[in-house]
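S.K.: Sharing a structure below in structure tokens format, with a few things to ask.
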Amino acid sequence: MKEVVLSHPLITHKLAILRDKKTGTKEFREIITEIAVLLCYEATKDAKLKKVTIETPLEKYSTYKLNEDDYAFVPILRAGMSMVDGIITVIPNAKIGHIGLYRNEETLEPVEYYYKMPLNIKKRTVMILDPMLATGGSALATIKKLKHDGVKKIKFLCVIAAPVGIKAIQETYPDVEIYCANVDRKLNEIGYILPGLGDAGDRVYGTK
């Protein structure tokens, strides 16, 4: 299954607060962080564990641990940065890459202005972070760059997705798994998700 939609009463509750235009910047940021934690939890269900022996206060114990160095998170600037704090509470030693893209408001196509990845990125499982998956343009551009760098396992984590964005990824990169909190109805005439939650970057950083 390449598309996972979180279904839980808490998710529905938190999305209702995010969507409300009266929700302030502080609360908006906090809820994005909380949902990011839940998305990362779901996206790591297939994580490979290594057997280790530790000592509890009472005895030696054989158990399993995650190699956090196997993971890298790549937020799409700037809105994707809002998900990083939540993600690194789950896997704090994962490496962080960055890609800067903005959308040409006339063509709706992504324009790249920054790209910096950790060393040995091709050996890691990469999770792309962006609160909104709308047309899929930014997601496709990011996936293309990562695959050019040799990355084999990519997952896309978002809060809200539009059907057209999901379709774009699945048709172009069927191996990429998508994790989202909700699939919304459609895009409007200028490429915004409906019902959506507005411009996530502007609401996170209070720029509008």
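Throughout, read-outs are computed from the coordinates displayed, never taken from laboratory work. Remember, predicted model here, so these are calculated numbers, not experimental data. Here the Cβ positions follow ideal geometry from the backbone for every residue, glycine too, while neighbour counts run over all protein chains shown.
S.K.: Which residue, 28, 73, 156, tops the fluctuation ranking in a GNM of the chain built on C-alpha contacts under 10 Å?
M.R.: Looking only at 28, 73, 156, the biggest GNM fluctuation is shown by 28.
S.K.: Work out the charge dipole of the chain with +1 on the Cβ of Lys and Arg and -1 on the Cβ of Asp and Glu about the Cα centre, then indicate which of 132, 100, 201 is farthest towards its positive end.
M.R.: My answer, from the dipole projection, is 100.
S.K.: Go ahead and set up a Gaussian network model of the chain, Cα springs under 10 Å, then flag whichever of 174, 131, 110 fluctuates most.
M.R.: Of 174, 131, 110, the Gaussian network model singles out 174 as fluctuating most.
S.K.: Given the rule -39500 (n - 2.57) for each run of at least 4 DSSP H residues, summed and divided by the residues of the chain, what is its mean residue ellipticity at 222 nm, to the nearest 500 deg cm²/dmol? Before the final figure, lay out the partial values.
M.R.: On the way: 6 runs with 65 residues, N = 208.
Value at 222 nm, helices only, nearest 500: -9500 deg cm²/dmol.
S.K.: May I ask you to sort 40, 158 by Cβ crowding, counting other Cβ atoms within 10 Å and putting the fewest first?
M.R.: Details: 40 24, 158 29.
By the 10 Å Cβ count, ascending, the order reads 40, 158.
S.K.: Continuing with the same structure: For Cα pairs less than 8 Å apart in space and 6+ apart in sequence, what is the mean separation divided by the residue count of region 1-71, i.e. the relative contact order in percent? Can you show the working numbers first?
M.R.: Working: 36 pairs, mean separation 13.3, N = 71.
In percent, rounded to a whole number, it is 19.
S.K.: Quick one: Karplus J couplings for region 93-100, per residue in order, coefficients 6.51, -1.76, 1.60, θ = phi - 60°, nearest Hz, x for Gly and Pro?
M.R.: Karplus-based 3J(HN,Hα) across region 93-100 equals 9, 5, 7, 10, x, 9, 10, x Hz.
S.K.: Return the subset of 50/145; 2/147; 50/95 for which the Cα-Cα distance in this structure is over 28 Å, preserving the input order. List each step's numbers first, then the result.
M.R.: Working: 50/145 30 Å; 2/147 17 Å; 50/95 19 Å.
Correct reply: 50/145.
S.K.: Enter the angle in degrees (range 0 to 90, nearest 10) between the Cα long axis of helix 163-172 and the first principal axis of the Cα atoms of the chain, meaning the one along which they spread out most.
M.R.: The two axes meet at around 60 degrees.
S.K.: For region 65-76, take each phi angle, set θ = phi - 60°, evaluate the Karplus expression 6.51 cos²θ - 1.76 cosθ + 1.60, and give the result in whole Hz per residue in order, putting x for glycine and proline.
M.R.: 9, 8, 8, 5, 6, 6, 10, 9, 10, 10, x, 7
S.K.: To continue, here is another question. If you take the beta carbon distance between residue 199 and residue 106 as r and set R0 to 22 Å, what does 1/(1 + (r/R0)^6) give as a FRET efficiency, to the nearest 0.05? Show your work: numbers first, answer last.
M.R.: Working: r = 17 Å, r/R0 = 0.76.
After rounding, the FRET efficiency stands at 0.85.
S.K.: Still on this model: Between residue 147 and residue 55, take the C-beta separation as r, use R0 = 35 Å, and let me know the FRET efficiency to the nearest 0.05.
M.R.: Values: r = 43 Å, r/R0 = 1.22.
Using R0 = 35 Å, I get an efficiency of 0.25.
S.K.: Label residue 186 and residue 64 with points 7 Å out from Cα along Cα→Cβ: what is the distance between them in nm?
M.R.: Result: 4.5 nm between the two label points.
S.K.: Okay, next question. What is the helix-to-structure angle for 25-43, meaning the angle in degrees between its Cα long axis and the longest Cα principal axis of the chain, kept from 0 to 90 and rounded to the nearest 10?
M.R.: Between the helix axis and the principal axis of the chain, the angle is about 50 degrees.
S.K.: Among 143, 25, 111, whose Cα sits farthest toward the positive end of the charge dipole of the chain (+1 at Cβ of Lys/Arg, -1 at Cβ of Asp/Glu, about the Cα centre)?
M.R.: 143
S.K.: Return an integer: the convex hull volume of the alpha-carbon atoms of region 3-205, in Å³ per residue.
M.R.: Values: hull volume 27.0 nm³, N = 203.
That works out to 133 Å³ per residue.
S.K.: Give the aspartates and glutamates whose C-alpha is closer than 18 Å to that of residue 51, dropping any in the same chain fewer than 8 places away, or say none.
M.R.: Straight-line reach from residue 51, under 18 Å: 59, 68, 69, 70.
S.K.: Continuing with this model, one more query. To test your reading of the geometry: what angle, between 0 and 90 degrees and rounded to tens, separates the Cα axis of helix 137-148 from the longest principal axis of the chain?
M.R.: Helix 137-148 and the main axis of the chain meet at about 40 degrees.
S.K.: Can you compute the charge dipole magnitude of the chain about its Cα centre, using +1 on each Lys and Arg Cβ and -1 on each Asp and Glu Cβ, nothing else charged? Give it in debye, rounded to the nearest 20.
M.R.: Working: 31 positive and 26 negative charges, 84 e Å.
Dipole magnitude for the chain comes out near 400 debye.
S.K.: Next up: Exposed loop sites here are GluC sites (Glu not before Pro) in DSSP loop states with at most 13 other C-beta atoms within 10 Å. What is the longest stretch of the chain lacking them? Could the numbers behind the result be given before it?
M.R.: Details: sites that count: 59, 105, 106, 189.
Counting only loop sites that pass the neighbour cut-off, the longest clear stretch is 107-188.
S.K.: Spin-label point model (7 Å from Cα, Cβ direction): what's the residue 207 to residue 114 distance in nm?
M.R.: 1.1 nm
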